[in-house]
Amino acid sequence: MRQELLVASLQRQPLLLVIRPEPDDLVASGSGSGLLDLVKQLHAAGLRHLEVAWLDQPGWMGFMQRVQDHCPGLNLGAASVTAPKAINDLSRLDLSYAMAPCWCPELVEQARELGVLLVPGVFSPTEVHQAMRFGCRVVKLFPAANLGPCYWSRLQAPLGLLPFVIAAGGLDVSDLPVWLEAGHGAVALGRRVVGSPPAFQALLDWLRQSTSQR
């Protein structure tokens, strides 16, 4: 059910923003408020999906809770999930989804047992096939920039009906139309978009334009 809800939400806005907090960002006040302020601006402009890289640090859970408090309605997830401890943290936060950079069936199974939707990262045809056989209806193509926008469509002939795919890794705001038109269900953008004023403004413009067209 969580897979279907995520797909439906991404069909309404096929964009995810991935941020990786620095230690100062995990502080509840003072210098730690900068990243949260940027997230609030994007949320006000219409951002629907945000991934925060999981960190094995005490302040990470508090940062996630502050995002939930300040940005109600945001589909908040975790990124860079590679350890069992991360799954346990996610189950306590009741996040909509989480993303892994790699294919690890043991993590996917652990997440399912705790009611967490973990979207696995895939790269090769073998990994895509294994994820499909494991019942993953949503996958993340990573790192997408290394493969190009035509790679995914070439897998359909040998593999058949493919899962909903999120292209991630090395992409920018200007890449959105190219990758979406090539058949990817959604595109994930990294923190370098937030760290660059021109890229941040381009993302704000895209969000406002897409929101006005709905």
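Only the Cβ atoms of Lys and Arg (+1) and of Asp and Glu (-1) were treated as charged; on that basis the dipole of segment 1-80 about its Cα centre amounts to roughly 320 debye. The chymotrypsin sites (Phe, Trp or Tyr not before Pro) of segment 102-180 that DSSP puts in a loop, and whose beta carbon has at most 16 other beta carbons within 10 Å, are 134.
Projected onto the charge dipole of segment 4-73 (+1 at Lys/Arg Cβ, -1 at Asp/Glu Cβ, origin at the Cα centre), which of 14, 58, 68 gives the Cα projection farthest towards the positive end? Selected residue: 14.
When a 1.4 Å probe is rolled over the protein heavy atoms, the share of accessible surface on segment 100-140 that falls to carbon and sulfur comes to 55 percent.
When the chain is treated as a Gaussian network with alpha carbon springs shorter than 10 Å, the biggest mean-square fluctuation among 135, 34, 46 belongs to 135. Loop-located trypsin sites (Lys or Arg not before Pro) in segment 39-136 (DSSP state not H, G, I, E or B) with no more than 16 neighbouring Cβ atoms inside 10 Å do not occur.
Accessible surface area normalised per residue over the chain is 46 Å², counting heavy atoms of protein chains with a 1.4 Å rolling probe. To the nearest Å, what is the center-to-center distance of segment 111-152 and segment 1-60, using C-alpha atoms only? Cα centres, segment 111-152 to segment 1-60: 21 Å. Bridge orientation summary for segment 69-186: considering DSSP beta bridges with both residues in this region, about 0 percent are antiparallel.
Can you list the residues, at least 5 places off or on another chain, whose amide H is less than 5 Å from the amide H of residue 119, using H built in the peptide plane? It is 98, 99, 100, by chain and number.
Considering only alpha-carbon pairs that sit under 8 angstrom and 6 or more positions apart, the relative contact order computed for the chain is 20 percent. Using only side-chain charges placed at the Cβ, +1 for Lys and Arg and -1 for Asp and Glu, the dipole size of the chain relative to its Cα centre rounds to 420 debye.
The values are calculated or read from the model by the stated rules, or taken from the named source; none is laboratory data. All values derive from a computational prediction rather than experimental measurement. Positions of Cβ are backbone-derived with ideal geometry, glycine not excepted, and every protein chain shown enters the neighbour counts. Surface accessibility is based on the protein's heavy atoms, side chains included, excluding ligands, DNA and RNA. Shrake-Rupley method; radii C 1.70, N 1.55, O 1.52, S 1.80 Å.
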